[in-house]
Amino acid sequence: MTQHTARYLILACGNTLRGDDGVGPWLAAWAENRFRAEAQVRVLSRQQWTPELTEEIAHAGSVLFIDCSVDSASGSVRLTSVQPATGDNGLATHHLGASELLALGRELYNSLPFHAQLLTIGAASTELGETFSAQVTAALPDACHLIEETILRLLRDPEPIQPVL
């Protein structure tokens, strides 16, 4: 069995200089503070998700990806299951989405997390700036509650780590 870096990995993405795009790193900082006493929880925040993250993702028991969404209603908070990408479209090497990271982890390490979910908050603006829109600011308590609820449920009722290949 592969040694896991973290049983529960929270992986956020976003640019703190692009308005609502910075919500991922903000939520990662909140989660790091909230779960600082939980050795099984690791929180990472990056401006972009890149291939270098795949080993850590592949060896985690569960992954919670966090990002803003320009395709969702402003301020909407969504938690969805993520499956590895399929197809032979090739992978970008500059920026990958959650599905592509899972697929790359499966390809390189023959391993996947038991659970993979994506939490998004709909962005109102990704223009230059370091403040959130009113919609995203209003959604932060719901997003924090959902992160907390998700991680606490996994900590309380852990399932065996079995790669879903």
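The values are calculated or read from the model by the stated rules, or taken from the named source; none is laboratory data. Model, not experiment: these values are computed from the prediction. With ideal geometry, Cβ positions are generated from the backbone for all residues, glycine too; neighbour counts draw on all protein chains shown.
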- Residue in the stretch 94-102 that is of a type outside the set (G, A, S) and touching a strand residue (DSSP E or B) at 6+ places or on another chain (Cβ under 7 Å) present: yes
- So S69 clears everything in (1) small (G, A, S); (2) buried (at least 18 other Cβ atoms within 10 Å of the Cβ); (3) at pLDDT below 95 except one condition, right? Which one? (3)
- Name the one entry in R18, R78, R36 that is in contact with a Leu (Cβ under 8 Å, 6 or more places away or on another chain), farther than 19 Å from D142 by Cα and either modelled with pLDDT of 95 or more or small (G, A, S) (or both). R18
- the stretch 81-117, residues that are at pLDDT below 90 and of a type in the set (A, V, I, L, M): L91, A92, L96
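Per-residue answers, yes or no, for (1) among the hydroxyl-bearing types (S, T, Y); (2) not in a loop (DSSP other than H, G, I, E, B):
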{"site": "D20", "(1), (2)": "no, yes"}
{"site": "W26", "(1), (2)": "no, yes"}
{"site": "R42", "(1), (2)": "no, yes"}
{"site": "S45", "(1), (2)": "yes, yes"}
{"site": "F65", "(1), (2)": "no, yes"}
{"site": "A73", "(1), (2)": "no, no"}
- Of the conditions (1) at pLDDT below 95; (2) assigned to a helix (DSSP H, G or I), A6 fails just one. Which one is it? (2)
- Message: Which pairs turn up if I take residues in the stretch 109-120 that are assigned to a strand (DSSP E or B) and look for partners that are among the basic types (K, R) with beta carbon separation below 6 Å, at least 6 apart in sequence or on another chain?
- Response: T120/R78
- Message: If A60 satisfies all but one of (1) in contact with a His (Cβ under 7 Å, 6 or more places away or on another chain); (2) at pLDDT 95 or above; (3) of a type outside the set (D, E, K, R), what's the number of the condition it fails?
- Response: (2)
